[in-house]
Amino acid sequence: MTKKSQRRASSAAMRNVICGDAGAYLRSHDTPTDASFVTSLPDVSELRGQTLDAWRAWFIDTVALVAAKSAANGVAIFFQTDVFRNGQWIDKSYLCHQGAERAGARLLWHKIVCRVPAGSVADGRPGYAHMLCFARELPMTSGFTPDVIPDLGSMDWSKAMGRNACVAACEWIRDHTETRTIIDPFCGTGTVLAVANELGLEALGIEIDEARAERARRKK
Ligand SMILES: C[S@@+](CC[C@H](N)C(=O)[O-])C[C@H]1O[C@@H](n2cnc3c(N)ncnc32)[C@H](O)[C@@H]1O
């Protein structure tokens, strides 16, 4: 399953990017005991040939798997944008809740990340993304940070997680958990990994597309 793995040092923090299927990797490997997750699962449009119902079931299963693989004192953070399909909105926050509940994880926070300036009409997609943080054991006793992130930040491709959202997620983990490894099992071109390293956190990425995995290894 794993085609290639490579370690790279960015300052002191390590980055390991594996090219392969995230579900297969997570099911067959123990994750570090100090791991939290920050990720953005692929949309139905990215999984060619899957029906909406099959993708929905896969999405919920995968959220449950990710939440179950986070450290007991860690969190799993999901960044997701709703989509309009077959005449209805698919609320990915709702799907995340179903997966987290299955894994016995509770919601610590739910932030809104503006994709367009508040008050303007977005074209075809919502003007916001959800960012949800779930924990299996960690209680929410402190760590209240802004609920609305006014600017997504830079993106180096259309499905990327905006840089400001990555910073907000990784800083929260650094400042409010004892976990020091960030895993992004759908790492794309590696924005989460690069931000984690910048903040002094170790980073593990998994990405099925070899070209993106290679970019994620090199991203600064
Ligand atoms: C929404 S994008 C995430 C982008 C990433 N956060 C970034 O900033 O570049 C989803 C990514 O998951 C990858 N992907 C799709 N199916 C996968 C799988 N089964 N295992 C691992 N990666 C997968 C896609 O190639 C895509 O890069």
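The table below lists the values:
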quantity: Förster radius 25 Å - calculated FRET efficiency between T33 and K159, Cβ distance, rounded to 0.05; calculated: 0.25
quantity: Accessible solvent surface per residue of the chain, calculated while the other protein chains remain in place, 1.4 angstrom probe, Å²; calculated: 46
quantity: Cβ-Cβ FRET estimate between A122 and S142, R0 fixed at 45 Å, reported to 0.05; calculated: 0.85
quantity: Pairwise Lys count, the chain - Cα closer than 29 Å, eight or more residues apart or different chains; calculated: 21
quantity: DSSP-defined beta bridges in the chain - what % are antiparallel, rounded to 5; calculated: 60
quantity: 10 °C / 1.306 mPa s Stokes-Einstein diffusion coefficient of the chain, Kirkwood radius on C-alpha pairs, µm²/s; calculated: 92
quantity: Additional length obtainable on full extension of the chain from W58 to Q98, 0.36 nm per residue less Cα span; calculated: 13.2 nm
quantity: Theoretical FRET efficiency, 1/(1+(r/R0)^6), r = Cβ-Cβ of H110 and E210, R0 45 Å, to 0.05; calculated: 0.85
quantity: Of G104, G87, G49, the one that fluctuates the most in a GNM where the chain has Cα springs shorter than 10 Å; calculated: G87
quantity: Spin-label model distance (nm) - A12 vs W89, 7 Å beyond Cα toward Cβ; calculated: 4.5
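The values are calculated or read from the model by the stated rules, or taken from the named source; none is laboratory data. All figures in this text were calculated on a predicted structure; none of them were measured in a lab. For neighbour counting, all protein chains shown are included, and Cβ atoms are generated from backbone atoms with ideal geometry for every residue, glycine included. Quick note on the areas: whole protein, heavy atoms, side chains included, nothing else; ligands and nucleic acids left out. Shrake-Rupley method; radii C 1.70, N 1.55, O 1.52, S 1.80 Å.
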